Amino acid sequence: MINIFTHFGSQLVVGLGWTLLCSLITLVFSSIIGTVLALLQMLPSKLVHLLCRIYIEVFRNIPLLVIVMFLYLIIPLYFFKINGFTAGTIGLTLYTSAFIAEIIRSGIQSVEAGQLEGARSTGMTYWQAMRYVVLPQAFKIVIPSLGNQFVNLIKDSSILAFVAGFDLLYQANAIASKTFDTINSYLVVGILYLLLTMPLSYYMHYLEKKLS
Amino acid sequence: MKKKFWLIPVLFCMLFLSGCRQKVADQAVLKNAQSSKTITWGVEADMKLFSLIDVRDDVHKGFEIDLAKAITKQILGPSGQAKFVTATAQSRIPLLKNGNVDAVIATMSITPERKKVIDFSNSYFDAGESLLVPVRSSIKNVHDLNGKTVIGIVGDNSSEVVKKFAPKAKVIGMQNYGQAVSALKSHQGDALVSDNGVLYGLAVENPSLVVTGGTFTKEPYGIAINKQQKPFERAVNRAITQLQHSGEYNHLIKKWFGQVPGFNYKEMYQQ
Amino acid sequence: MSMIEFRNVQKFYGKFHALHDINLKIDRGETVVLIGPSGSGKSTLIRTINQLESIEGGQLIVNNRDLSDPKTDTNLLRRDVGMVFQHFNLYANKNVLENIMLAPRIVSRMPEAENKQRALELLKMVGLADKAENMPCQLSGGQKQRVAIARSLAMRPKLLLFDEPTSALDPEMIDEVLQVIKKVTTDSDMTSLIVTHEMGFAKEVANRVIFMDQGHIIEDDASRDFFQQPQTERAQQFLSKIIAH
């Protein structure tokens, strides 16, 4: 196993870099999109609500691989060039944001209705009441589920391997086929994934404790 | 933090496990095969003409399948059974080394790197690297690949071979041939590099793609067998020779490659 | 000039007719108590005044704004209308001082120093100056409601709505809250509308009593008249039941 670290160090670092970049981009954008989707569903407009539901149900219920393959293979045929990393990251963001939207929505709904009414009765707009009163409470409630989702997101970034995104799993496949040492190759990237996900898990636990 | 010390033994266990190899593969394959009247073959699932699972009846079909059946009967007699296990580029060598399969017949070129880990039978197909490109592509041979994006299969040695002929080519690895062909059609790459036999199979299925430039390497396919299995290896080699002498081999070549446009199957004839 | 005017207002929840043809005028400076059995529409009525509930028919004018006109800006209306809820609805994520300061800061952009000074004054007025840094969950029910009253005053409203402000409180805390409400409603020329079951308190602070039943206004009298001699049989029954308890 040590051999793989020493022989393929630079290849693994490249993989780690792409995995990390994809995870970070996805984390930021899927959090934003997920929150916006959750909030839009609270609006009175039936059409907006319907559109949000369609988005969420579509991306939540299709395997990630299908979404990413679709982006990777269909978009360049009819629209514009898109490389594997971009297609994978966009696909992962679309997919993850659907889950985050559901998590945030459940968080908002578990905040008492009186909180929103209290805020609105002082003249705050809907968005102000959401931003200053409801969302901070909703986020606190959903931190454990969000933490899970974030860890899943890092692991799901391995989808890049299927569209030549040069991430950790892609490198593992390449190393495995070069060395014929499949077990150790995957073990090494398993440990590298742990290095990425464990600090995040700890941080989410810390946040949970700090806020309660 | 104290609580997390359990992780260290877990990691150590993982290290240890990776050090241990299953010893099943050390048993005598030929003796086992003769007593069970069965040889288990690792084969591919998505290799048109060589080994493709027919979705209608879930049965592997192709040149390699027929050849494996013929070799099995040659070694074990008419009652010998060939059993097929689907393997991928990533799993075929582990499956063999763990003893899950007795041999792998899966468009594997005989290479020195692979020979460090496993043994090969004599060649059963004269393969070589070639290029699959869209019909109106400007790429005529391997030297045109400089500055282009080339699609290979993760686990194939194609990418390194391409780099030798066209150092400025960018190689992206796909998981299997289905995805690789789709990627080529979606212009994710300019050419798909792989063995000629495989590429002809893909070209038959996809009229918008053609094989171009002939083969630029000689990488014959061999049947992968575990090391320390010399008796079995000899039996396989003997079987191949017998099939080539009897004309059965040529019959199979014609059966599977006779219809491929642009492919002179008679060049593949033995004896 | 009236602060609130209902003209033939109708309110439905699906098929349920919650408010029947309400006609009501409340003048500036009045303190009006709204009583009636539960389900009679008192809370619904009070909540239509700051548009926490919409109306389905008729006209409703509050502080010169026509709420039946969709162009009316609800948020502007609400700045002038404070509300105190049965369950306090203090922001659970903010401390006492922040609960009071939030709306002036983000709605009317009051300078921070002035805002803080005003919030501390309000806290002193409700007798909780020492609780400024506490979180709502650290307060008793009575203290929470006093903070909520301070919060409702922070925007300097012209009209205060109290929706059963003591119903969720333990009996021993009711009085401290009623004292504060009394101070707020009688001290100034504030217009107040109070939904309550506290008849003694109603008698003490109200200059007018409205009795509702099944979505109708049954009686609308001066406070003294109502408690001495209710006009309708239903109001008489209601009062005798309440007082018997």
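Data for the structure
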quantity: Longest to shortest principal axis, alpha-carbon extents of segment B:144-271, angstrom; calculated: 46, 37, 24
quantity: Convex hull volume per residue for segment B:72-184, taking Cα atoms only, in Å³; calculated: 139
quantity: Buried on assembly, segment C:140-169 (at least 10 Å² less accessible surface than by itself, 1.4 Å probe); calculated: C:ARG151, C:MET155
quantity: Angle between chain C longest axis and helix C:171-187 axis [Cα atoms, degrees, rounded to 10]; calculated: 90
quantity: Nearby lysines by direct alpha-carbon distance to A:LYS209 (threshold 19 angstrom, same-chain neighbours under 8 apart not counted); calculated: A:LYS140, B:LYS2, B:LYS3, B:LYS4, C:LYS94
quantity: Average accessible area per residue (Å²) across the protein assembly as shown - probe 1.4 Å, nucleic acids and ligands excluded; calculated: 46
quantity: Alpha carbon convex hull of segment B:197-249, projected area averaged over orientations, nm²; calculated: 5.8
quantity: Taking the C-alpha atoms of the protein assembly as shown, convex hull volume expressed per residue in Å³; calculated: 240
quantity: Modelled FRET efficiency - R0 25 Å, B:GLN244 with B:LYS61, Cβ distances, 0.05 increments; calculated: 0.70
quantity: Rg in Å to one decimal, and Dmax rounded to a whole Å, for segment A:140-212 via C-alpha atoms; calculated: 15.3, 50
quantity: Principal axes of segment B:137-215: Cα extent on each, largest first, Å; calculated: 30, 25, 22
quantity: Solvent-accessible area, 1.4 Å probe, carbon plus sulfur percent, for the protein assembly as shown; calculated: 57
quantity: Label-to-label distance, nm, for residues given as C:HIS216 and A:THR125 (7 Å Cα→Cβ offset); calculated: 4.4
quantity: Chain A - Debye-derived log10 I(q)/I(0), Cα point model, q = 0.11, 0.12, 0.18 Å⁻¹; calculated: -0.62, -0.71, -1.22
quantity: Of the DSSP H helices in chain B, those whose Cα atoms cover at least 15 Å axially and whose Kyte score averages 0.0 or more; calculated: B:7-19, B:63-76
quantity: For segment A:77-126, the Rg and Dmax computed from alpha carbons only, in angstrom; calculated: 18.8, 54
quantity: Gaussian network model of chain B, Cα within-10 Å springs - most flexible of B:VAL154, B:VAL198, B:VAL101; calculated: B:VAL154
quantity: Heavy atoms of A:HIS205: accessible area, 1.4 Å probe, square angstrom to 10; calculated: 110
quantity: Where the Cα pairs of segment B:172-216 fall when distances are cut into 5 Å bins, in %; calculated: 5, 22, 37, 26, 10, 0
quantity: Whether segment C:114-164 is rounded, prolate or oblate, judged on the alpha carbon gyration tensor where a/c under 1.5 counts as rounded; calculated: oblate
quantity: Extent along principal axes [Cα atoms of chain C; Å; largest to smallest]; calculated: 53, 46, 34
quantity: Stokes-Einstein D for segment A:3-66, Kirkwood Rh over Cα pairs, 25 °C, 0.890 mPa s (µm²/s); calculated: 168
quantity: Convex hull of segment B:102-149 built on C-alpha atoms - directionally averaged projected area, nm²; calculated: 5.4
quantity: B:THR107, A:THR179, reordered so the largest accessible area comes first (probe 1.4 Å); calculated: A:THR179, B:THR107
quantity: Degrees, to the nearest 10: A:46-61 long Cα axis against longest axis of chain A; calculated: 20
quantity: D_trans [Stokes-Einstein, Kirkwood Rh over alpha-carbon pairs] for segment C:124-245, 4 °C, 1.567 mPa s, µm² s⁻¹; calculated: 82
quantity: Candidate lysines for bridging to C:LYS203, where Cα separation is under 23 Å - those fewer than 8 sequence places away on the same chain excluded; calculated: C:LYS25, C:LYS42, C:LYS158, C:LYS182, C:LYS183, C:LYS241
quantity: Number of partner chain Cβ atoms within 10 Å, mean per residue of C:48-55; calculated: 1
quantity: Anisotropy class of chain B from Cα gyration tensor, a/c 1.5 cut; calculated: oblate
quantity: Reciprocal mean inverse distance between Cα atoms of segment C:137-208 - Kirkwood radius, Å; calculated: 12.5
quantity: Number of partner chain Cβ atoms within 10 Å, mean per residue of A:108-115; calculated: 2
quantity: Approximate shape of segment A:1-114 as ellipsoid semi-axes (Cα gyration tensor, √5λ), whole Å, largest first; calculated: 34, 19, 10
quantity: Area of B:ASP57 that stays accessible when all protein chains are in place (1.4 Å probe, Å², to 10); calculated: 80
quantity: Two-decimal Rg to Rh for segment C:16-71 - Kirkwood Rh, Cα set; calculated: 0.94
quantity: HN-Hα J in Hz across segment C:66-79 - Karplus 6.51, -1.76, 1.60, θ = phi - 60°, x for Gly and Pro; calculated: 8, 6, 7, 8, x, 7, 5, 7, 4, 5, 5, 4, 5, 4
quantity: Area hidden from solvent between B and A (accessible, protein heavy atoms only, 1.4 Å, total, Å²); calculated: 2500
quantity: Accessible area in the full protein assembly, largest first, 1.4 Å probe, for A:TYR78, B:TYR269, C:TYR91; calculated: A:TYR78, B:TYR269, C:TYR91
quantity: Peptide B:203-214, shielding by other chains (average Cβ, 10 Å cutoff); calculated: 0
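The values are calculated or read from the model by the stated rules, or taken from the named source; none is laboratory data. As the structure is a prediction and not an experimental result, all values here were calculated from the model. Please note: Cβ atoms are built from the backbone with ideal geometry, for glycine as well, and neighbour counts cover all protein chains shown. The area values use the complete protein model at the heavy-atom level, side chains included, leaving out ligands, DNA and RNA. Shrake-Rupley method; radii C 1.70, N 1.55, O 1.52, S 1.80 Å.
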